[in-house]
Amino acid sequence: MEAGNGVTSETLAGERFFAGMPERHRAALAATARAVDVPTGHRFFEEGWAAEHFWLLRSGTVALDLQVPGRGAVVVETLPASSVLGWSWMFPPHVWRFGAVSLEPVRTLRFDGAEVRELCAADLRLGYDLTLRFAAVLLDRLEATRVRVLDLYAHPEQRA
């Protein structure tokens, strides 16, 4: 499942999420990362588990799901390659609010959340930069949720 570290600043420079990030910040983050390949059906995390990592999806797709009483896991979003998976590692109490499972084989870069939090505390510019990047991810996901809710509650005559 794991393919060793081998993650460099240059590896991250080629990823959209890290575009424009200073090289020293990419290098610090790369030191916390591991290249990890996971098979179809791999459970990255479950709602309520300790949030210890985040992932950059390099290939494949991952479903975010939510446990709904009487229905089980319901997919709320599907993340394609180049997406960032997970933000709960960043915010206390560091517990996942959703679940995530691979829908096909996925190549990822997995970052150690505790190490990244330490880096951010030691270098406030890195912390601010990373916070802005994750805030953009959160805003994108919130907008996608808003669109789904609007569609869910649209009048039947307004649906295509």
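The values are calculated or read from the model by the stated rules, or taken from the named source; none is laboratory data. Please read all numbers here as calculations on a predicted model, not as lab measurements. Quick reminder, even Gly has a Cβ in these numbers, built from the backbone with ideal geometry, and neighbours come from all protein chains shown. SASA here: full protein model, heavy atoms, side chains in, ligands and nucleic acids out. Shrake-Rupley method; radii C 1.70, N 1.55, O 1.52, S 1.80 Å.
Summary table
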item	result
Candidates TRP87, TRP49, TRP55 - the one that is at pLDDT below 95 and out of contact with any Asp or Glu (no Cβ under 9 Å at 6 or more places or on another chain)	TRP87
ALA13, sole failed condition from (1) open to solvent by less than 20 Å² (accessible area, probe 1.4 Å); (2) without any contact (Cβ under 8 Å) to a residue 40 or more places away in the chain	(1)
Output for region 100-113, where each listed residue is open to solvent by 10 Å² or more (accessible area, probe 1.4 Å), out of contact with any Phe, Trp or Tyr (no Cβ under 8 Å at 6 or more places or on another chain) and within 18 Å of VAL7 (Cα to Cα)	ARG107, ASP112
Region 26-57, residues that are in contact with a Pro (Cβ under 7 Å, 6 or more places away or on another chain) and among the hydroxyl-bearing types (Ser, Thr, Tyr)	THR40
Unique match (being among the small types (Gly, Ala, Ser), closer than 24 Å to LEU29 by Cβ and in a strand (DSSP E or B)) among ALA100, ALA135	ALA100
The lone exception for THR78 - which of (1) open to solvent by less than 50 Å² (accessible area, probe 1.4 Å); (2) of a type in the set (S, T, N, Q); (3) assigned to a strand (DSSP E or B) it fails	(1)
When residues of region 40-71 are limited to those that are touching a residue at least 60 places away in the same chain (Cβ under 8 Å) and within 13 Å of ALA100 (Cα to Cα), the one surrounded by the fewest Cβ atoms within 10 Å (Cβ to Cβ)	GLY41
Residues located in region 33-72, provided they are under 18 Å from PRO92 (Cα atoms) and not in a strand (DSSP E or B)	GLU46, GLU47, GLY48, TRP49, ALA51, GLU52
Meets criteria (of a type outside the set (A, V, I, L, M) and more than 27 Å from ARG146 (Cβ to Cβ)) for GLY41	yes
Filter result for the condition that a residue is of a type in the set (D, E, K, R), open to solvent by 50 Å² or more (accessible area, probe 1.4 Å), over 18 Å from ARG34 (Cβ atoms) and at pLDDT below 95, over ARG141, ARG97	ARG97
Within region 16-30, considering residues that are over 18 Å from the mean Cα position of the chain (by Cα) and assigned to a loop (DSSP other than H, G, I, E, B), the one surrounded by the most Cβ atoms within 10 Å (Cβ to Cβ)	PRO22
Qualifying positions in region 99-136 - of a type in the set (Val, Ile, Thr) and touching a residue at least 60 places away in the same chain (Cβ under 8 Å)	VAL101, VAL106, THR108, VAL116
Matching entry among ALA81, ALA51, ALA144 (being closer than 21 Å to GLY14 by Cα, in contact with a strand residue (DSSP E or B) (Cβ under 7 Å, 6 or more places away or on another chain) and of a type outside the set (Ser, Thr, Tyr))	ALA81
